[in-house]
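The values are calculated or read from the model by the stated rules, or taken from the named source; none is laboratory data. What you are looking at is a predicted structure, and each value in this text was computed from that prediction instead of being measured. A quick note on method: Cβ atoms are made from the backbone with ideal geometry, for glycine too, and the neighbour counts reach across all protein chains shown.
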Amino acid sequence: MNLTLKVWRQKNPNDAGGIVTYDANDIIPDMSFLEMLDVVNEDLISRGEEPIAFDSDCREGICGTCSMVIDGIAHGGQRGTTVCQLHMRHFNDGDTITIEPWRAKAFPVIKDLVTDRSAFDRIIESGGFVSVNTGGTPDGNTLPIPKVDADEAMDAAACIGCGACVAACKNASAMLFVSAKVSHLALLPQGKPEAERRVLKMVKAMDEAGFGNCTVTGSCEAVCPKEISLDFIAKLNREFGKAILKNRAERQVAD
Amino acid sequence: MKLDSKIPPGPVTEKWEKYKFDLKLVNPANKRKYDVIVVGSGLAGAAAAASMAEMGYNVKCFCYQDSPRRAHSIAAQGGINAAKNYQNDGDSIYRLFYDTIKGGDFRAREANVYRLAQTSVKIIDQCVAQGVPFAREYGGLLANRSFGGAQVSRTFYARGQTGQQLLLGAYQALCRQIGLGKVQMFERTEMLELVVVDGHAKGIIVRDLVTGEISAHAADAVVLGTGGYGNVFYLSTNAKGCNTTAIWRAYKKGAALANPCYTQIHPTCIPVSGEHQSKLTLMSESLRNDGRVWTPKRKEDCGKAPGDIPEADRDYILERKYPSYGNLAPRDISSRAAKEACDKGLGVGPGGLGVYLDFADAIKRLGESTVRERYGNLFDMYEKITGENAYKVPMRIYPAVHYTMGGTWVDYNLMSSIPGLFVIGEANFSDHGANRLGASALMQGLADGYFVLPYTIGNYFATEKQPKHKTDHAEFKKALGEVETRTKKLLSIKGKRTVNSFHKELGKIVWDKCGMARDEKGLKEALQQIPALREEFWKNVNVAGENGELNQNLEHAGRVADFLEFAELMCLDALNRRESCGGHFRTEFQTEDGEAKRDDENFAYVAAWEYAGEGKPPILNKEPLVYEEVHMSTRSYK
Amino acid sequence: MNIITNLFSSSVGKKYIMAVTGFSLFGFVIAHLIGNLQIFLGPEAINRYGHFLQSNMEIIWPARIGLLVIIALHIWAAIKISAENKAARPVAYAEYNPTVASYASRTMLMSGLIVFFFILYHLLHFTVQVDQVNLTGKSFVNLHDAEGRHDVFAMMVLGFSKPIVSLFYIIAISLLSLHLSHGVRSMFQSLGWKKKSYANVLHCFATGVSIFIFVGYVSIPIAILLGFGKEALSK
């Protein structure tokens, strides 16, 4: 099939950028969306033009590298699917497809469709961990964890950190990402000792990075490739409330 | 080159404990005087960087990805082995050790493998403490599943995302150290050269992938945790960015490369759908716990819908050939069985390159909901890629390059033949011999990163007492100049062919001639074709863009350039090893019923190749494999 | 002290403020509705209710001041949050498809602001009773019933007998209901009082209560426009 692509091109972070139209011809339905772009890029290189820069790595939906907004929907609107797993059989011959990068102040564009998502790392660095050093840990079975808790923690931990939640949110809010990590660790007994400190620090880091606020539109959940539930945001809010009500936490954050 | 494996004396069960005691320590106050560079942020790299920073070392960690959390360890699905014997099924450290040695077709180092099995137990404890949400039983204790090549249930898992969860555990530990200022993280930064001063690894040259800036970093030791070289085949289950550049650059600076011909072909991947294919997707081997592998018995049935082929006309190839292990036969054996069937024209799907993996019986036995709970995400993934519903029709699978057992030669300390250069995880050759068992890669990466390297690196510092060097040293300047020249050269050729076309062609050569089955004739052809292709590459490649910006085409070009050199060594090693073992199957050396035929008399050694200079054939160094504990036997899974 | 900084400076804290003030305003909307619906019980009931409120200054003034503070906080948080949200996406998408995000959720600021302007009008209309805004040419302040109480019944019937006034009222109530359909649901989410097990119940509650508010409030002007109260008034 043949398609028309309207792609955001931006040479570097300082360039204004704009939409450029390309033809994608002889596309096979079994191709993934990124393989379709590979075809376009091979053609561009052969013609002496610069290929479209886009992020991808594992191409099996788990590393969270690929990131593009297709026709206004982060990852292209196939439920629970990253762009790399989106296949061309979901498009029709003659379609015009608009492709843009994640758009958020906290995710500045580096080039074309590539953005800088290191703000997510800063958030994890601020407290998204359990403070244990290597070695000296008790036997794994010392601490029985109810299966339902472990499963719910896993639901949250499944987050791949792709940033689609931010891209889809009308406010560019990172609450789904942050809540997934806060919930994952707060649901497990290992994460409880520093749960209050963690949620306060992570929310602070999130705010400092320039993400917007959650207004509960649910767009994040809808595009999340791992279908992380909006309920985890409620969990984050609950954890935050608990933390600010306990004076104890303040002392912990102060250090 | 004299290879000293530094395997400590004494019975294999006591070597590591005793050795740890004998290791020289660095006083806690002195640790902060040492700088360590870690390249790669996967399980091994992140675990090592975090652990060393916790101990007090100053760590700089580099990764080409935009975040350390995205290293390809994340894609491991099935699980991680540990000899916990929680299932009371007779598992033990010794059994895990034995299974791993046997699975590796008696081509791994005993002492290393025993240490790995010992350490496995602590890894689970460490990961649980970090908050890794392993699967649990209703009683709250850890759950296990079984995996290929073992008759006990010792694999710990977190749904089908075990690698992701373990990596996030290590990543979070790393992030904690970054936050504390003990690790300086360099994302989107690729190592392009190793700097060796007076015979010791002292730093690296890197390119900032965003700005194109090429810079030097100095340290007291360099650790490579840069993964495997599976992408030499172009199509593999590796991430697109995975490459061999770091270990290849180290090789050219004197770090011997061991057993490059040992590549693992994973049996359960989604078959290729066409020329456009950019990578292959693996589905966890755990699927073989409940799925049954079959092909039609008759060629004329291959085109039929699977449901129309009656039970009597199906050949359950693994169950027939290996009744005691059945569908859980090790990877190399299962892959070959699939290839054999397809070679006979009994393959299914496009191009006849596929066999069925059927869950109909499991669904009947367990119910669809149990199957969904166990493998739901894999079935979803399969549907996304193929558009088929595997609850209704059997999956089609075909083997694909997945893991590389070969890698930089390291001693018991995980130090390469260049002092001060340590290599961990998939990037080294040490623990899997000629074939890796399922759920062992995660185990090895984390063992190296958390529990081996942090000890042994201290011994290097404490015993060697090497001088510090700054990046203004002549060797740094020289290496920097070399990288700049190579980069400029790549951009200046402006030929007719794209980088990708070279990579694809190289991949086809090595897959055909050095893939699942190899023979002398094919390997010799490959050894003609690869240098010719390399020559063409340097004359006719067209690399788009310029250096001073994000240039993915340039990144790819550099990696392909190194693959084009590496592939030759891989084929040379395969040609040299005139036996079949594990993932290395030479068609000339097989038993009457088509099984791998080892030659322990002549080939029970590690082939450590030493770079001899441009245009000169590499030198083969042999490290004999001495089995003190186990008896080398013919591997049988029948 | 830290509680205050955490509430006022953090994104999650501001949502707490939104939720708590929103909850209070929601409570007021319900109470106000129940009070007003007494109009259907006839002049006696509503006038007595009005008189009761008017004659207890120690209740009404703290309530009025409290409501003003709450509204101020609600609006402050709304404006602050909206400004931050705007700043969080400096470059807009060429094409943006909000998929599941409801119309209500995407228009909270607009619906809120319009409702706010309506409240100002509504206060001038019925509370301060500025004659110029009621468009009837009559003065509401001087309406008294037989017992000398302020004739709330007559004021409402007269007030809503102007179709243009009723129309504005109905539009505002529609927007308020829309606002609440999302607001009530979000309130539980923002305060963390939501779990998967009863998420659906909350959703239904939010929708149900919004419909109740809409029907309840709108029933008054509609009834009046259809002739309710004319008879009683003419007596």
Out of B:Arg559, B:Arg598, report the one residue that is over 20 Å from B:Glu525 (Cβ atoms) and in a loop (DSSP other than H, G, I, E, B). B:Arg598
Single condition B:Ala338 does not satisfy, out of (1) within 24 Å of the chain's Cα centre (by Cα); (2) surrounded by fewer than 24 Cβ atoms within 10 Å (Cβ to Cβ); (3) at pLDDT 90 or above: (2)
Quick one: in segment C:1-30, which of the residues that are within 11 Å of another protein chain (Cβ to nearest Cβ) and of a type in the set (Gly, Ala, Ser) is farthest from A:Arg238 (Cα to Cα)? C:Ser9
Considering every residue within segment B:438-457, establish whether at least one is of a type in the set (S, T, N, Q), surrounded by fewer than 24 Cβ atoms within 10 Å (Cβ to Cβ) and in contact with a Ser or Thr (Cβ under 8 Å, 6 or more places away or on another chain). no
Taking the condition away from chain B (no Cβ under 11 Å), within 28 Å of C:Val100 (Cα to Cα) and touching a residue at least 12 places away in the same chain (Cβ under 8 Å), does A:Ala172 pass? yes
State whether one or more residues within segment A:171-190 are assigned to a loop (DSSP other than H, G, I, E, B) and either among the charged types (D, E, K, R) or modelled with pLDDT under 95 (or both). no
Tell me which residues, restricted to segment A:110-120, are facing another protein chain (nearest Cβ under 9 Å) and under 15 Å from the mean Cα position of the chain (by Cα). A:Val114, A:Thr115, A:Asp116, A:Arg117, A:Ser118, A:Phe120
Report the residue count in segment C:18-58 for those that are in contact (Cβ under 8 Å) with a residue 12 or more places away in the chain and polar (S, T, N, Q). 5
Tabulated pairs, segment B:475-498, first in contact (Cβ under 8 Å) with a residue 40 or more places away in the chain, second in a loop (DSSP other than H, G, I, E, B), C-beta under 6 angstrom, 6+ apart or interchain: B:Thr487/B:Asn547; B:Leu490/B:Val543; B:Leu491/B:Val543
Give the residues of segment A:121-153 that are at the interface with another protein chain (Cβ under 7 Å from one of its Cβ atoms), touching a residue at least 12 places away in the same chain (Cβ under 8 Å), within 22 Å of A:Pro225 (Cα to Cα) and not in a loop (DSSP other than H, G, I, E, B), sorted by residue number. A:Ile124, A:Ala150, A:Ala153
Considering each of B:Gly583, B:Gly615, B:Gly594 in turn, give the residue that is of a type in the set (Gly, Ala, Ser) and under 28 Å from B:Leu96 (Cβ atoms). B:Gly583
Output the residue which, of all residues in segment B:76-124 that are within 12 Å of chain A (Cβ to nearest Cβ), part of a helix (DSSP H, G or I) and hydrophobic (A, V, I, L, M, F, W, C), is surrounded by the fewest Cβ atoms within 10 Å (Cβ to Cβ). B:Val121
Being under 18 Å from B:Glu555 (Cα atoms), at pLDDT 95 or above and either among the small types (Gly, Ala, Ser) or in contact with a Phe, Trp or Tyr (Cβ under 8 Å, 6 or more places away or on another chain) (or both): is that true of A:Ala24 here? no
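For (1) buried (at least 24 other Cβ atoms within 10 Å of the Cβ); (2) out of contact with any Pro (no Cβ under 7 Å at 6 or more places or on another chain); (3) not assigned by TED's automatic domain parsing to the domain that holds B:Asn289, each residue gets a yes or a no:
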| residue | (1), (2), (3) |
| --- | --- |
| B:Cys175 | yes, yes, yes |
| B:Gly179 | no, yes, yes |
| B:Lys182 | no, yes, yes |
| B:Gly212 | no, yes, yes |
| B:Tyr229 | yes, yes, yes |
| B:Ala239 | yes, yes, yes |
| B:Ser273 | no, no, no |
Selection from segment B:546-563 of residues more than 14 Å from chain A (Cβ to nearest Cβ) and surrounded by 24 or more Cβ atoms within 10 Å (Cβ to Cβ) yields B:Phe563
So if I check each of B:Tyr229, B:Tyr234, which one is within 13 Å of chain A (Cβ to nearest Cβ) and either modelled with pLDDT under 95 or under 19 Å from the mean Cα position of the chain (by Cα) (or both)? B:Tyr234
Can you tell me which residue is surrounded by the fewest Cβ atoms within 10 Å (Cβ to Cβ) among those in segment A:20-74 that are within 14 Å of chain C (Cβ to nearest Cβ) and touching a strand residue (DSSP E or B) at 6+ places or on another chain (Cβ under 8 Å)? A:Thr21
